[in-house]
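A quick write-up on the structure given underneath.
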Amino acid sequence: MECRNLYPLVDPFPAGDELAAKRFPHHFEVAGRVTGQVIYKGRTVSIDGYGYRDHSWGQRDWENGMLNHRWFTGTLGAELSFAAITAQGSSGKLIRVGYVSRGGEVVLARFVDVVAHMEPDGLTHRGGELRLTLPDDTLVHVCFQAHAGVLFQRGTVVMVEIMCDAQGHGMTGYCDAEISSNPRNGKAPPLLALNADTTDGFSRFVPLTFPTPGGSAHST
């Protein structure tokens, strides 16, 4: 597959921030157009759409990991891409960073608000929404619904990364909604993940189904 960037690489974290320096050193991310093919078990799928990727260089400290974080990144196409990130360090300090790219022009957010619709397991989510307030007071509001997820662990941090369908400003796209919820900085392995796989590999997402008044059922 090939990914062609829609705009220049972005490092959303403030220079010199202690939490960012330990968790995300020399970090860059960007949305792009993705084309190519995926072949799995003899089946070929042609890819022509949008993606989002990030990369960091340098040593990361995961053993004294984040208490909580929300990392919601994605794109609604060439006209609007976004990143909304909150991260809480072991001292309790919370940083909020984000940006939007509108038609290839990158604008850092003045204020970042991120909400995940948490499952009863306290670990996975069903989607959520983000609000980015730009320097000119423009509000970017994107809502998303979970599609499929995976759980993984780095040091003491257990993270859930869930691909979501996204909607905002009359456009549709996708959001990679990654979170961790670790307010006590615990070290035990997770015992339940309702909305994410806990092992490597491919799987099929099965929505939750539960009864409604009158005996019918609906899914989420």
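Condition (residue is closer than 15 Å to Phe72 by Cα and assigned to a loop (DSSP other than H, G, I, E, B)) applied to the stretch 133-145: is it met by at least one residue? Within the stretch 133-145 (the criterion being closer than 15 Å to Phe72 by Cα and assigned to a loop (DSSP other than H, G, I, E, B)), the answer is no, since none of the residues qualifies.
Is one or more of the residues making up the stretch 44-52 in a loop (DSSP other than H, G, I, E, B) and small (Gly, Ala, Ser)? Scanning the stretch 44-52, I find no residue that is in a loop (DSSP other than H, G, I, E, B) and small (Gly, Ala, Ser), so the answer is no.
Among the residues of the stretch 27-48, the ones that are farther than 12 Å from Glu2 by Cβ and touching a Ser or Thr at 6+ places or on another chain (Cβ under 6 Å) come to 2 in all. Considered as a group, the residues in the stretch 1-55 that are of a type in the set (Phe, Trp, Tyr) and within 23 Å of Gly155 (Cα to Cα) include one that is surrounded by the most Cβ atoms within 10 Å (Cβ to Cβ), and that residue is Phe24. Restricting attention to the stretch 97-122, the residues that are charged (D, E, K, R), without any contact (Cβ under 8 Å) to a residue 40 or more places away in the chain and in a strand (DSSP E or B) add up to 2.
Of all residues in the stretch 59-69, count the ones that are surrounded by 10 or more Cβ atoms within 10 Å (Cβ to Cβ) and over 21 Å from the mean Cα position of the chain (by Cα). Residues flagged as surrounded by 10 or more Cβ atoms within 10 Å (Cβ to Cβ) and over 21 Å from the mean Cα position of the chain (by Cα) within the stretch 59-69 amount to 2.
Each value in this text was obtained by applying a stated rule to the coordinates, not by laboratory testing. If you're wondering where the values come from, they're calculated on a predicted model, not measured in any experiment. Backbone-built Cβ (ideal geometry, glycine too); neighbour counts: all protein chains shown.
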